[in-house]
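Right, one structure below, let's go through it.
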Amino acid sequence: MFFELARLALSNLTRNRSRLIMTVSGVIVGTTAVMVLLSLTYGLQRAAESGVGASSALTEIRLYAPPAFDTRIEDAPVLDEATLAELRQTPGVKTIIPTVNFYGAGELVAGDYRSYAPILGIDPELLPTLELEVEQGELRLGPGEAIFGGQVNQYFVDPESTDYEPVTVDIFAEQIELRVTSYSDNRQRDIRLRPSALLKSGTGLYDSFMFMPLDDVLDLNEWVTGETVSRRDLRFDQAIVRTTDREVTQDVAQVFRDLGYYVEDAGDFIRQ
């Protein structure tokens, strides 16, 4: 009888010890898995931040006024000088840089090669506040000058070729022209550009854009549309907002959304 009780007790202890070992092992495995997931999450976040460029991308907001045909918004906000002066007083805003789009096709001509790039007109005095990084050249915009995004020069093609083979053009060695077409009578005009800078690649939005002086773009818009642009009553197409710190970017973006503006924030997907 005693031996049977002893054997039963030892058997129970063995089973309990096995359960204990399994429980401890499960806790260890579970804790390790959580730590690995946290490490992966942190690593992915860091990689995502690197993917959108420098930290300056996380302090940038792109602001758009609702289009005139959007009837859902009463008293739709605008982007003019008076409104921008008020928006610059928003807590957390470091500066606001308004821009105007070129309304033409923006065909670039380099010898036998052609390409296209969206063009933004900007006040040259505000250019340093964009915090752009230059690969080659100098960050400046005089009359007739243009700043090329880091990948604009990499996608020129020969329109006569049957194969699409992108060619990289040395914008400082080749003569670059901007070919514009009038909407009213299809007249063409070739404007010789003087590249002042090629930006570093990997800046996201600006990789495929060009910058030109605001007055140059306004003059081109008048030519292609046939409509006179009033400098005094000018309404900008968009504004680039630079915040004081990445931690306030989301709050500043929400303030502008509440005012009725369309907002794009490069760091939205990182903070989700």
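Computed quantities for the displayed model
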item: Nonlocal amide H pairs with F156, under 5 Å, H built at 1.01 Å; result: V167, V169
item: Exposure proxy ranking, count of Cβ atoms within 10 Å, fewest first, for V217, V224; result: V224, V217
item: Gain on full stretching of the segment that runs from N186 to D215 - 0.36 nm per residue minus C-alpha separation; result: 8.2 nm
item: Cα shape, the stretch 105-232, gyration tensor, a/c 1.5 rule; result: oblate
item: Other-chain or far-sequence residues with amide H under 5 Å of T95's (modelled H); result: R242
item: Least to most buried among S201, S161 (fewest other Cβ within 10 Å first); result: S161, S201
item: DSSP-defined beta bridges in the stretch 55-271 - what % are antiparallel, rounded to 5; result: 85
item: Formal net charge of residues neighbouring L127 (Cβ-Cβ distance under 12 Å; K, R +1; D, E -1); result: -4
item: Environment charge at R235 (Cβ cut-off 14 Å; Lys +1, Arg +1, Asp -1, Glu -1); result: -3
item: Ascending count of other beta-carbon atoms within 10 Å, so fewest first, for D190, D233; result: D233, D190
item: Environment charge at Y103 (Cβ cut-off 10 Å; Lys +1, Arg +1, Asp -1, Glu -1); result: -3
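None of the figures in this text is laboratory data; all of them are computed from the coordinates on show. For clarity, every value in this text was computed on a predicted model and none was experimentally measured. With ideal geometry, Cβ positions are generated from the backbone for all residues, glycine too; neighbour counts draw on all protein chains shown.
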